[in-house]
1. Mind grabbing the base-10 log of I(q)/I(0) for the chain at q = 0.12, 0.15 Å⁻¹? Debye formula, identical points on the C-alpha positions, no solvent, two decimal places.
2. What's the extension gain from Lys76 to Ser25 if we count 0.36 nm per residue and subtract their Cα-Cα distance?
3. Taking trypsin sites (Lys or Arg not before Pro) as candidate sites, keep only those in a DSSP loop with at most 13 other Cβ atoms within 10 Å, then name the longest stretch of the chain containing none of them.
4. Tell me, what is the FRET efficiency for Ser85 and Tyr59 to the nearest 0.05, using R0 = 30 angstrom and their Cβ-Cβ distance as r?
5. What does the C-alpha gyration tensor say about the overall shape of region 30-100? Classify as rounded when a/c is under 1.5, otherwise prolate if a/b is larger than b/c, or oblate.
6. For region 66-123, max minus min Cα coordinate along each principal axis, in Å, sorted largest first?
7. Roll a 1.4 angstrom probe over the protein heavy atoms and tell me the percent of accessible area of region 42-101 that is carbon or sulfur.
8. Ignoring ligands, DNA and RNA, what accessible area per residue does the chain give at 1.4 Å, in Å²?
Amino acid sequence: QVQLVESGGGLVQAGGSLRLSCAASGRTFRRYAMGWFRQPPGKEREFVAAISGSGGSTYLADSVKGRFTISRDNDKNTVLLQIISLKPEDTAVYYCAAAFRVPYTISQSYDSWGQGTQVTVSS
């Protein structure tokens with residue numbers, strides 16, 4: 001199992017940008033697909049983005065296409081989520097997770113989760 005720690009959340013005005021980072025432990029990082037999920041206040045956790053182990057394939061929820069970019073650095077054991085043009089509806093706790101199974105768009109495929117980082121977007 002891999003240990004994950006997210007960082008980079010905060011309070012930002014609508015239209016602003018953030019870069020979330022997820023640091024992973026272990027020497028098998030490149031074997032995992034990595035994903036980002038978020039849980040808005042009072043709502044279910046939802047898929048945001050995922051990236052294959054090699055970084056060659058990425059997946060984005062329709063609601064974030066054009067604003068969110070996922071990337072990874074396997075030498076540094078990190079995965080990033082770059083967010084631009086933030087909207088109040090992006091307010092949520094953002095979680096990164098590691099997956100061994102497909103599909104990468106559902107939480108059941110993920111075995112390890114970080115503790116989450118809060119993103120709050122003010123209007």
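1. Values, matching the q order: -0.37, -0.59.
2. Details: separation 51, 0.36 × 51 = 18.36 nm, distance 0.98 nm.
That pair, Lys76 and Ser25, stretches by 17.4 nm at full extension.
3. Numbers: sites that count: Arg27, Lys43, Lys65, Lys76, Arg101.
Answer from the scan: 1-26.
4. On the way: r = 20 Å, r/R0 = 0.66.
So, using R0 = 30 Å, E works out to roughly 0.90.
5. Values: a/c = 2.14, a/b = 1.65, b/c = 1.29.
In terms of gyration-tensor shape, prolate.
6. Result, largest extent first: 38, 26, 22 Å.
7. Values: 1370 of 2930 Å².
The computed percentage sits at 47.
8. Solvent-accessible surface per residue comes out at 51 Å².
The values are calculated or read from the model by the stated rules, or taken from the named source; none is laboratory data. Note that the structure is a prediction, hence the values are computed from the model and not measured. Heads up, the Cβs are rebuilt from the backbone with ideal geometry, glycines too, and the neighbour counts pull from every protein chain shown. When the accessible area is computed, the model is the full protein with side chains, heavy atoms only, and any ligands, DNA or RNA have been set aside. Shrake-Rupley method; radii C 1.70, N 1.55, O 1.52, S 1.80 Å.
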